[in-house]
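A.B. asks: Got a structure for you, questions after.
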Amino acid sequence: MFNSDQSTLKVSNLRVVRKGNEILKSISFQAAPGELIGLLGPSGSGKSTLMRSLLGVQAITSGTAQIMESAAGSSTLRGRLGYMAQSSAVYLDLTVEENIRYFAGVLVQPRAEIARVMDLVALASFSDRLVSSLSGGERTRVSLGVALLDSPPVLILDEPTVGLDPILRRDLWGTFDELAKTGVTVIVSSHVMDEAARCARLLLLRGGTLLFDGTPASLLAASRATSYDIAFERLIEGD
Amino acid sequence: MSLRRSLLTSRRILEQLRHDPRTLALLLLIPTALVGLLSWSLTNHPGSFDSIGPRLLGVFPLIVMFLVTSVITLRERSVGTLERLFTLPLTKADFVVGYAIAFGSLAIVQSVLVSVLSYTWYGLAHQGVPWRISLVALCAGLLGTAFGLALSAVAHTEFQAVQFMPAFILPQLLLCGLVIPVSQLPSVLRSVADVLPMTAAVRAIVPLQSNSYYVGQFAIMLAYIFVALVVGAATLRRVTK
């Protein structure tokens, strides 16, 4: 279905300095099609900055980030990366459908794509509701719907599950998993360590440094911990 | 640049305003009501409204559009939609021109509404040509939009944007010839006033001037609109440093 030998994402020695602060210190990792990667770490660890660097909206100080053979930020990648920011980044004073329609238009998508995406995030029955009248979880789904337009091969989702109830979180992770199974590289950030269990692969970030890159099981095994919180603590102390 | 993406953007902005009828009403009715109030207040001074009223038609759209545009673009920044758009194939020019088209069309509606009411209900007997007054109101609205877009690069919050309004508008209001004729200003201020966009808007309405005089005033306004739009597009940052 997809060639997993080929990396969609190659980050090497990525460093970001913003206003004299070193936010990211020499980050390196690769990602293949179909991987569901959890980017975990406390707030302020550089998760959003890393994601924004991949998207090309954050300047890279040194190092490289290649996405599908193009340098991060190159104009050929615009619209090829599905992005969901921490803020919902949709128009609160538009209806669900008007939001999706506008972004679909920018991406030159047919009408059918609007319907497909609305079904995918289960928003068809909300199409005429103003986003400002929706709950947090529903807004997240609108934002996810926009990110899914034109089926991008890479999805970058910044804390999509924050503040949502457990059932919604489970459903969203289910959606991410299904997307990964179709060959999409999905990178999801979270500061909730327990979400580690949902991912096939973990990247642990702290103070701009990648502390761990591996499967959730190997993290628990390596730190002889029973919970991800404890594993993370031991990882930091042993550092 | 793609006109299609600009038009999509302006349609989206107009849809946003459609869902906010209060803002839309304020946008269209405030200038109309203010000119009406002025005509009423000058009832006992026959002829005064004929000279002051039309000049304000060039001032109100500038103020209103400046405020609305700067706040609505700042909101795009704070909500994150601007950043999202910058990860999509939308250029800065598409974005800025989209705003200019949306608010430009609102400025047309606004100017037609104000001029029609002025000439009928408010009893304006101006020696100028109505279409020129409407054209000035349109240019003034575009000026406000263009400057509002440029300002959103400087102001970081909606709170700051609102405070920029008096800093940007009031000096022009004092110097544009509404309070004191430009010719009676001290020479330094006169040379400043001569090149202010609001002065050009007021001058373009003054009746019985030569054609080249009007062309000159419109040229000043168009130059400001163009420069402010370019500055507005140039100061939008696709990439955070």
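Every number here is computed from the coordinates shown, using simple stated rules; none is lab data. Keep in mind that this is a model prediction, so the values were computed, not measured. Reconstructed Cβ throughout: ideal geometry from the backbone, glycine too, with neighbour counts over all protein chains shown.
A.B. asks: With springs only between Cα atoms under 10 Å, which of A:SER135, A:SER28, A:SER43 fluctuates most in a Gaussian network model of chain A?
C.D. replies: A:SER135
A.B. asks: If you count the DSSP beta bridges with both ends in chain A, what percent of them are antiparallel, to the nearest 5? Walk me through the numbers before you get to the answer.
C.D. replies: Working: 20 of 37 bridges.
Among the beta bridges of chain A, antiparallel pairing accounts for roughly 55 percent.
A.B. asks: Suppose R0 equals 51 Å. What FRET efficiency, 1/(1 + (r/R0)^6) with r the Cβ-Cβ distance, do B:SER51 and A:SER132 give to the nearest 0.05?
C.D. replies: Values: r = 46 Å, r/R0 = 0.89.
Result of the calculation: an efficiency of 0.65.
A.B. asks: Also: Explain nothing, just the number: dipole magnitude of the stretch B:3-235 about its Cα centre with +1 on each Lys and Arg Cβ and -1 on each Asp and Glu Cβ, in debye rounded to the nearest 20. Write out the running numbers ahead of the final one.
C.D. replies: Working: 14 positive and 8 negative charges, 71 e Å.
Using only the charged Cβ atoms, the result is roughly 340 debye.
A.B. asks: Starting from the Cα of B:ARG132, move 7 Å in the Cα-to-Cβ direction to define the label point; list residues of the stretch B:55-84 whose amide nitrogen is under 17 Å from there.
C.D. replies: B:55-59
A.B. asks: Provide the gained length on full extension for the span B:MET1 to B:LEU29, in nm with one decimal, where the gain is 0.36 nm per separating residue minus the Cα-Cα distance.
C.D. replies: Numbers: separation 28, 0.36 × 28 = 10.08 nm, distance 3.40 nm.
Separation in residues times 0.36 nm, less the Cα-Cα distance, equals 6.7 nm.
A.B. asks: Based solely on its DSSP helices, what 222 nm [θ] is calculated for chain B when runs of n ≥ 4 H residues each add -39,500 (n - 2.57) and the sum is averaged over all residues, nearest 500 deg cm²/dmol? If you can, show how the numbers build up before the last one.
C.D. replies: Numbers: 11 runs with 181 residues, N = 241.
It lands at -25000 deg cm²/dmol.
A.B. asks: Using the number of other C-beta atoms within 10 angstrom as an exposure proxy, rank A:ASP158, A:ASP177 with the fewest first. Show your work: numbers first, answer last.
C.D. replies: Working: A:ASP158 23, A:ASP177 14.
Listed from fewest to most nearby Cβ atoms, that is A:ASP177, A:ASP158.
A.B. asks: If you take each beta carbon of peptide A:97-107 and count the beta carbons of other chains within 10 angstrom, what is the mean?
C.D. replies: Working: counts 0, 6, 3, 0, 4, 9, 7, 1, 8, 12, 4.
Per-residue shielding by partner chains comes out at 5.
A.B. asks: Can I ask one more? How much FRET efficiency would the formula 1/(1 + (r/R0)^6) give for A:ASP165 and A:ALA217, where r is the Cβ-Cβ distance and R0 is 30 Å, rounded to 0.05? Could the numbers behind the result be given before it?
C.D. replies: Working: r = 27 Å, r/R0 = 0.89.
After rounding, the FRET efficiency stands at 0.65.
A.B. asks: Let me ask you something else. So what are the ³J(HN,Hα) numbers for the stretch A:169-185, from phi and the Karplus equation (6.51, -1.76, 1.60; θ = phi - 60°), rounded to whole Hz, Gly and Pro as x?
C.D. replies: 4, 4, 4, 5, 4, x, 4, 4, 4, 4, 5, 4, 5, 8, x, 6, 7
A.B. asks: Can you work out the FRET efficiency for the pair A:LYS19 and B:GLN163, with r the C-beta to C-beta distance and R0 = 30 Å, to the nearest 0.05? Could you put the intermediate results ahead of the total?
C.D. replies: On the way: r = 25 Å, r/R0 = 0.82.
About 0.75, to the nearest 0.05.
A.B. asks: What is the average number of partner chain Cβ atoms found within 10 Å of a Cβ in B:4-14? Could the numbers behind the result be given before it?
C.D. replies: Details: counts 3, 4, 0, 1, 7, 3, 0, 4, 9, 3, 0.
Mean number of neighbouring Cβ atoms from other chains: 3.
A.B. asks: I've got another one for you. Amide H neighbours of A:GLN58 under 5 Å, counting only residues 5+ apart in sequence or on other chains, H built in-plane at 1.01 Å?
C.D. replies: Excluding prolines and chain starts, which carry no amide H, the hits are A:SER53, B:THR240.
A.B. asks: Please give the average number of partner chain Cβ atoms lying within 10 Å of the Cβ of each residue in B:232-239, rounded to a whole number. If you can, show how the numbers build up before the last one.
C.D. replies: Working: counts 0, 0, 0, 0, 0, 2, 6, 9.
What the average comes to for B:232-239 is 2.
A.B. asks: With +1 on each Lys and Arg Cβ and -1 on each Asp and Glu Cβ, how big is the dipole of the protein assembly as shown about its Cα centre, in debye rounded to the nearest 20?
C.D. replies: Working: 40 positive and 33 negative charges, 199 e Å.
With Lys and Arg at +1 and Asp and Glu at -1, about 960 debye.
A.B. asks: Let me ask you something else. On a 0 to 90° scale, report how tilted helix B:211-235 is relative to the longest principal axis of chain B, with both axes built from alpha carbons and the result rounded to the nearest 10.
C.D. replies: Around 20 degrees separate the two axes.
A.B. asks: Over chain A, what is the relative contact order in percent, taking alpha-carbon pairs closer than 8 angstrom and at least six residues apart?
C.D. replies: Details: 453 pairs, mean separation 64.0, N = 239.
With pairs under 8 Å counted, the relative contact order is 27 percent.
A.B. asks: Could you please report the charge total around B:MET1, scoring K, R as +1 and D, E as -1 over all other residues with beta-carbon less than 12 angstrom from its beta-carbon? Please list the in-between numbers first.
C.D. replies: On the way: positive: B:ARG4, B:ARG5, B:LYS92; negative: B:ASP94.
Residues near B:MET1 contribute +2 overall.
A.B. asks: Work out from phi, with θ = phi - 60° and the Karplus expression 6.51 cos²θ - 1.76 cosθ + 1.60, the ³J(HN,Hα) of each residue of the stretch B:138-152, listed in order in whole Hz, and give x for Gly and Pro.
C.D. replies: Couplings: 5, 4, 5, x, 5, 4, x, 4, 4, 5, x, 5, 5, 5, 4 Hz.
A.B. asks: Please work out whether the protein assembly as shown counts as rounded, prolate or oblate from its C-alpha gyration tensor, where a ≥ b ≥ c are the square roots of the eigenvalues and a/c under 1.5 means rounded, while otherwise a/b larger than b/c means prolate and anything else oblate? Present the calculation step by step, with values, prior to reporting the outcome.
C.D. replies: Details: a/c = 2.91, a/b = 2.36, b/c = 1.24.
It comes out prolate by the Cα gyration axes.
A.B. asks: Where in the stretch A:57-150 are there trypsin sites (Lys or Arg not before Pro) that are in a DSSP coil and have at most 15 other Cβ atoms within 10 angstrom of their Cβ?
C.D. replies: On the way: sites: A:ARG78, A:ARG80, A:ARG101, A:ARG111, A:ARG116, A:ARG129, A:ARG139, A:ARG141; in loops: A:ARG78, A:ARG80, A:ARG129.
Filter output for the stretch A:57-150: A:ARG129.
A.B. asks: Based on alpha-carbon centroids, what's the gap between the stretch A:22-41 and the stretch B:89-109 in Å, whole number please?
C.D. replies: After rounding, the separation between the Cα centres reads 38 Å.
A.B. asks: Then there is this: Quick one: Karplus J couplings for the stretch B:16-22, per residue in order, coefficients 6.51, -1.76, 1.60, θ = phi - 60°, nearest Hz, x for Gly and Pro?
C.D. replies: For the stretch B:16-22, the Karplus-derived couplings read 4, 5, 5, 7, 10, x, 5 Hz, x marking Gly and Pro.
A.B. asks: Need the full-extension length gain, A:ASP150 to A:ASP177, defined as separation in residues times 0.36 nm minus the C-alpha distance. One decimal, nm.
C.D. replies: On the way: separation 27, 0.36 × 27 = 9.72 nm, distance 1.82 nm.
Full extension from A:ASP150 to A:ASP177 adds 7.9 nm.
A.B. asks: Any chance you could give the angle, 0 to 90 degrees and rounded to 10, that helix A:136-148 forms with the longest Cα principal axis of chain A?
C.D. replies: 90 degrees
A.B. asks: Let me ask something additional. Gaussian network model of chain B, Cα springs within a sub-10 Å range: biggest mean-square fluctuation belongs to which of B:VAL79, B:VAL114, B:VAL192?
C.D. replies: In the Gaussian network model the winner is B:VAL79.
A.B. asks: Would you please give the residues with an amide H less than 5 Å from that of A:ARG18, counting only those at least 5 places away or on a separate chain, with H modeled from the backbone geometry?
C.D. replies: Counting only residues 5 or more places away or on other chains, the set is A:ILE23.
A.B. asks: Then there's this: Could you work out the relative contact order of the stretch A:81-151, using alpha carbon pairs under 8 angstrom and six or more residues apart, expressed as a whole percent?
C.D. replies: Details: 84 pairs, mean separation 36.0, N = 71.
Rounded, it is 51 percent for the stretch A:81-151.
A.B. asks: Can you tell which of B:VAL154, B:VAL35, B:VAL179 shows the greatest fluctuation in a Gaussian network model of chain B with Cα springs below 10 Å?
C.D. replies: In the Gaussian network model the winner is B:VAL179.
A.B. asks: Additional query: Kindly put B:SER210, A:SER87, B:SER111, B:SER78 in sequence by how many other C-beta atoms sit within 10 Å of each C-beta, fewest to most. Spell out each step's value before the answer.
C.D. replies: Numbers: B:SER210 8, A:SER87 16, B:SER111 24, B:SER78 12.
Fewest to most other Cβ atoms nearby, the residues stand as B:SER210, B:SER78, A:SER87, B:SER111.
A.B. asks: Also: Determine the percent antiparallel among the DSSP beta bridges restricted to the protein assembly as shown, to the nearest 5.
C.D. replies: So the antiparallel bridges amount to about 55 percent of the total.
A.B. asks: Also, I was wondering about something else. Once the Cα atoms of helix A:96-106 and of chain A are each reduced to a long axis, what angle between those two axes, in degrees from 0 to 90 to the nearest 10, is obtained?
C.D. replies: 80 degrees
A.B. asks: What does the helix-only formula give at 222 nm for chain A: each DSSP H stretch with n ≥ 4 adding -39500 (n - 2.57), the total divided by the residues, and the result rounded to the nearest 500 deg cm²/dmol?
C.D. replies: Here the helix-only value at 222 nm equals -10000 deg cm²/dmol.
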